[in-house]
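Data first, discussion second: the structure below is written as structure tokens.
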Number of protein chains: 2
Amino acid sequence: MPAPTAPLTLASEDEATAPPTDAMLREGAELMFFGYRSFTRDPDQILAERDYGRAHHRALHFIGRQPGISVAGLLDILGVTKQSLARVLKPLVDHGLVEQRVGTNDRRKRLLFLTDEGRAFEERLSDPQRARLLRAFREAGPEAVDGFRLVMTAIMDADERKQANAYMDGAKAR
Amino acid sequence: MPAPTAPLTLASEDEATAPPTDAMLREGAELMFFGYRSFTRDPDQILAERDYGRAHHRALHFIGRQPGISVAGLLDILGVTKQSLARVLKPLVDHGLVEQRVGTNDRRKRLLFLTDEGRAFEERLSDPQRARLLRAFREAGPEAVDGFRLVMTAIMDADERKQANAYMDGAKAR
DNA sequence: CGATTTATGTCAGCGATGTTGACATAAATC
DNA sequence: GATTTATGTCAACATCGCTGACATAAATCG
């Protein structure tokens, strides 16, 4: 422990910022639950029409965001096993939504791309989700959006944060 | 539509607030994915020790938050079918984590309570999650937390928002 | 060049979580 | 007394994770 030079009355950094109460933390947990459920509701409904699920949407999203990603790269982002991904990826390839091309540098790699049909379906899934975010961002205002971003990032562990940031920056740079 | 007195250059409400770009919306979607995954990682690991899953945690959380809730009330919050809930609730009752008491006013109702053991297990699950939120809230600061709350609430549809608010307020009033 | 490692695919089985449909029981209500 | 409500339960099914094991082709190492 460092030398306890701080006074007993709380004065954490600059002004005396009240620490989050237990009730605020519980509310935060519930906001995560309710918010995430709302966020996934639209695409879930569309996916249910066919024999696809949330995992198919995720694969389509990340392939669309980073065309030419390898299978290993996608595994890394999604954080699932090869066998889990295969069950999702195979139907997408079979149904002509995702195309696999052999890598030029390394011919063991299968680089993943969306077909036109895949792109169209991905957009159909993401459009209501983006519309929801757009409405929410407008409604809440830019400062709130900054706060949202800060908190969501801070929720992640250092390594997860690094991965997420690296990924999102990489996609931004394209 | 109201009379279009506004100039063509964008000046939406007070100051010219730039609308969220498509990249910001995509980033938002990814923050939801990565953030939620991080948020559920700790309890998921603890749950995996026994034969429980995320659904058991949710049931324990909401029963703990609203002791004496009826089965129908819990179904409403969780938004799952009776059969789905039964598969989660039965083991919790069998293992002595949840207690069912016959309602006094309406004896058809089974009111749900956590046992001491149930409360202890729920806390074991929620503690790392709350610690994560506490760290995130401290790190991001109070204004960011307000923004986070605003955005997460705005992501919900009106009816979902109403349900979530009614629920969270009700629990607060206890 | 031969051995090893890497990238990917695949088979088999299991567990958790959701679904629909159907039926049963007890208690409240009309 | 008939109907509705609250709950429980059985059966079947799909998605989405997991582990373990094995196969193949291409790259790399010694």
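The values are calculated or read from the model by the stated rules, or taken from the named source; none is laboratory data. Small disclaimer: the values here were computed from a predicted structure and weren't measured. Using ideal geometry, Cβ is built from the backbone for each residue, glycine included, and neighbour counts are taken over all protein chains shown. The accessibility values were calculated without ligands, DNA or RNA, using every heavy atom of the protein model including side chains. Shrake-Rupley method; radii C 1.70, N 1.55, O 1.52, S 1.80 Å.
Listed residues B:Leu60, B:Leu74; which is within 14 Å of chain A (Cβ to nearest Cβ), within 15 Å of the chain's Cα centre (by Cα) and farther than 30 Å from A:Leu78 by Cα?
On the way: B:Leu60 fails: farther than 30 Å from A:Leu78 by Cα.
Step by step, each of B:Leu60, B:Leu74 is checked, and only B:Leu74 is within 14 Å of chain A (Cβ to nearest Cβ), within 15 Å of the chain's Cα centre (by Cα) and farther than 30 Å from A:Leu78 by Cα.
Inside region A:99-114, residues that are open to solvent by 100 Å² or more (accessible area, probe 1.4 Å) and among the β-branched types (Val, Ile, Thr) make up a count of 1. Screening the candidates A:Arg130, A:Arg101 for the property of being farther than 28 Å from B:Ala154 by Cβ, touching a Lys or Arg at 6+ places or on another chain (Cβ under 9 Å) and not aromatic (Phe, Trp, Tyr) yields one hit, A:Arg101.
Taking region A:115-173 as the range and being crowded, with 16+ Cβ neighbours inside 10 Å and either more than 9 Å from chain B (Cβ to nearest Cβ) or on the phi > 0 side of the Ramachandran plot (or both) as the test, the residues that pass are A:Gly118, A:Arg119, A:Phe121, A:Glu122, A:Leu125, A:Gly141. Only residues that are closer than 25 Å to B:Asp44 by Cβ, in contact with a Ser or Thr (Cβ under 8 Å, 6 or more places away or on another chain) and assigned to a helix (DSSP H, G or I) were counted in region B:141-165, giving 3. The set of residues in region A:79-98 being open to solvent by 90 Å² or more (accessible area, probe 1.4 Å), within 27 Å of A:Asp159 (Cβ to Cβ) and either near DNA strand C (Cβ under 7 Å from one of its atoms) or touching a His at 6+ places or on another chain (Cβ under 7 Å) (or both) consists of A:Lys82, A:Gln83.
For the condition in contact (Cβ under 8 Å) with a residue 60 or more places away in the chain and open to solvent by 80 Å² or more (accessible area, probe 1.4 Å), A:Asp76 qualifies. Given the conditions (1) more than 30 Å from B:Ala158 (Cβ to Cβ); (2) open to solvent by 20 Å² or more (accessible area, probe 1.4 Å), which single one is not true for A:Ile63? Every listed condition holds for A:Ile63 apart from (2). Contact map, region A:138-155: residues that are aromatic (Phe, Trp, Tyr) paired with residues that are open to solvent by 30 Å² or more (accessible area, probe 1.4 Å) and in a helix (DSSP H, G or I), Cβ distance under 9 Å, separation 6+ or inter-chain. Pairs shown: A:Phe148/B:Arg149; A:Phe148/B:Leu150.
Exactly one residue out of A:Gly79, A:Gly96 is within 14 Å of chain B (Cβ to nearest Cβ) and on the phi > 0 side of the Ramachandran plot, and it is A:Gly79. Every condition in (1) part of a helix (DSSP H, G or I); (2) over 19 Å from B:Gly35 (Cα atoms); (3) within 10 Å of DNA strand D (Cβ to nearest atom) holds for A:Ala131 except the one numbered (3).
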